[in-house]
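The next block holds one structure in the form of structure tokens; read it before the comments.
The values are calculated or read from the model by the stated rules, or taken from the named source; none is laboratory data. Quantities reported herein were computed from a predicted structural model and do not represent experimental measurements. Every residue, glycine as well, gets a Cβ built from its backbone with ideal geometry; the counts of neighbours run over all protein chains shown. Just the protein is used for accessible areas: all its heavy atoms, side chains included, with ligands, DNA and RNA removed. Shrake-Rupley method; radii C 1.70, N 1.55, O 1.52, S 1.80 Å.
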Amino acid sequence: MKKALILAAGRGCRLDRKSKPKPLVEVCNRPILMHLIEGLAAVGVEEFFIVVGHQKELIIREVTARVAGAWPVRFLENPHYEGGLARSVLCAQEALDEPFILSMGDHLFDAAHLAKIAGVTPEPGGVSVLAHHAPPADKACADDVKVRGQDGRVIAIGTDLTEFGGTDMGLFAVDPAGLFPALAEAVAADPDAGLPDALQRLADRGKLACVKADDAGWDDIDTPADLIRAEMRLRDQLRAGVLRHTVLASTKVPDAVYDFVVGEPVTTKMVLMRGFFRNPEAFEFIPRESASSPIFVFSDETVTPLYAAPLHARMRAMGYNAHLITMPDGETSKSLASFTELTERVLRLGVDERSVFVSVGGGVVCNVCGFIASCIYRGLNLVHLPTSLMAQCDAAISHKQAINGAHGKNMVGSYYSPRMVLVDVDTLATLPERLIPDGLSEVLKHALCQEPEYVEYLMNYRGDFVRDLDFLEQVVTKNVRLKCELVHQDPKEHTVGMVMQYGHTLGHPVEHMSGYQLYHGESVAIGMIVAARVSRILNVCDDDLVRTHVELCAKFRLPTKVPAGITVDGLMEALRYNKRYLTEGTQMSLLQAVGKPWAVNGRHVIPVTNGIIREAVEQTLEVPS
């Protein structure tokens, strides 16, 4: 068959967007409709008839531009598209007088399905329907068009069948002499008749054949979850399809196979103790077996005179062989060059296998000290004494140690657990005011992702959060608990632990593109708002989720817009250097409501197309004054 009729007229209420009706929604960065056109062209279709209605101008303009004359495309308008598929098919009655392929405009089919239907010649006056083996009756969707067949013929078709052997896939080989009269009869008898009613009439005449589909992939995309499942399926296919040669398990039997298991679970002791820095002698934070070993206290130029130098002096007075290492302030210390210089300095001073690395400072100091500790002798004792709110809520409460690369943040690192993390919130009294909201960004993240009641508490707080140490102690304590729960359940952040990546997919590029003029928490706040808008564009959530993000960030003096100096193209390019980026595209942690991370097929890592991310970023851009 050389002609195809594609039905793309109706609304897709759960997927339509203002500038993107459902047939133009992208999977793997191409509209659903273009996947279908290109797939049908590959199996020999030479001319396309597309029925349009809802947002017809957009569909016509987009398809015309993308096809660019490669195939003849004729658009047929259905002004009564809300009347159902039957009326859409009847729009082609005058245009098609030879056998054709009929397809729904919101379905994705693997090449095997398209090839199978293209190879079918419908009998005179008949239709052949491609049917997929059905799920159990209790698992079938109420909207599925079910098929009951016998000896290659369909004897019953419709959504209300209780006994059935397959589901209609929305792909047909059609003789117009059979389908169009059946449709006209069905609509004349009942103006609300649908396509299945006409197909049942053909079945009653013995003119509806059943073509059994194989197990190749296909998707009927009606909901946001359907869209993500299709994205997952196609990305998995792309990943597997790059190999020119697949080694079968039976190709060669190994001469021998051995397994070995390394290490035991490491427990990090989390200690919250106000006043520790005033009296470090009162608590044993250095393992007793390390008493005679070299100890390395890492800090930066700001924190050293406040906390690190006094601590170092008192450690020396207690008898420890302690060395103080001060690095420059800021993200420049998280470079590969800085890592090399600091590591060589430690090695020159002398180290042994029971040495302890102690970080005293914010997130940068925690990360650099932690990564060096994880590398020297393949891992030595690590203790974090975080002094910033960001470190107390996030960077130190982690087994992730990392430094930056030339193209992005935290690109080189390791999973390495500290022996102890000791938090003294009294250090927040000396923290610059801007760093309090910065650290609270991670508090907002865990609240938005894990506890609606926590969000309500934060929204109702009326005090001076910058200097209210009791409030800060309370949120630090709660954040430590929430984060520890996640790290325990999912240390590598593949499932529920993806919460810890919320806001970071765009937050890291924003931070990098700002030249680190925006702090980490400020950038993550923007990233969370972009993520909420991605969920809204996908119709996963309502407007309230976006509004809550914006109001909560604004309340705690965090930015809510991508700065005007950062371009959308620049951010899209920087996405490639994100931890969760795969060759096939970007993945994100998303919410469907406050406290409800979104998972599809049990996967919390949600693939998102570039077009949706770009749209969400554009909605979040600061308007130049």
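Taking the 1.4 Å solvent-accessible surface of the chain as the whole, the part contributed by carbon and sulfur is 52%.
Packing-based ranking of 224-237, 384-397, 404-417 yields 384-397, 224-237, 404-417, ordered from highest to lowest mean Cβ neighbour count within 10 Å.
Neighbours of Leu76 by Cβ distance under 13 Å: Lys/Arg scored +1, Asp/Glu scored -1, total +1. Each residue of the range 60-75 was assigned a 3J(HN,Hα) from its phi angle through the Karplus curve 6.51 cos²θ - 1.76 cosθ + 1.60 (θ = phi - 60°); the sequence is 4, 5, 5, 5, 4, 5, 6, 5, 6, x, 5, 9, x, 10, 10, 9 Hz, with glycine and proline shown as x. Shape summary of the range 506-625, radius of gyration then Dmax from alpha carbon positions: 13.5, 44 Å. Compactness of the range 198-309, taken as the C-alpha radius of gyration over 2.2 N^0.38 Å, stands at 2.45. In terms of its Cα atoms, the range 15-149 spans 41, 35, 31 Å along the principal axes, sorted from long to short. Taking each DSSP H run with n ≥ 4 as -39500 (n - 2.57) and averaging over every residue of the chain yields -11000 deg cm²/dmol at 222 nm.
The alpha carbons of the range 280-383 give a radius of gyration and a Dmax of 12.7, 37 Å, in that order. Taking amide H atoms as placed 1.01 Å from N in the peptide plane, the amide H of Leu621 lies under 5 Å from those of Val562, each 5 or more residues away in sequence or on another chain.
Taking the Cα atoms of the chain, the ratio Rg/Rh between the radius of gyration and the Kirkwood radius comes to 1.09. Checking the Cα-Cα distances for Lys212/Lys596; Lys56/Lys207; Lys334/Lys478 against a 30 Å cut-off, the pairs over it are Lys212/Lys596; Lys56/Lys207. Determine the per residue accessible area of the chain with all protein chains present and a 1.4 angstrom probe, expressed in square angstrom. The answer is 44 Å² per residue. In plain terms, the chain from Arg316 to Arg278 could stretch by 12.1 nm, reckoned as 0.36 nm per residue minus the Cα-Cα distance. Computed from the alpha carbon positions, the gyration tensor of the range 1-82 leads to an equivalent ellipsoid with semi-axes of 20, 15, 11 Å, biggest first. Please give the residues of the range 520-541, grouped as numeric ranges, whose backbone N is less than 18 Å from a label point set 7 Å along the Cα-to-Cβ vector of Lys561. Residues 522-531, 533 qualify, since their backbone N sits under 18 Å from the label point.
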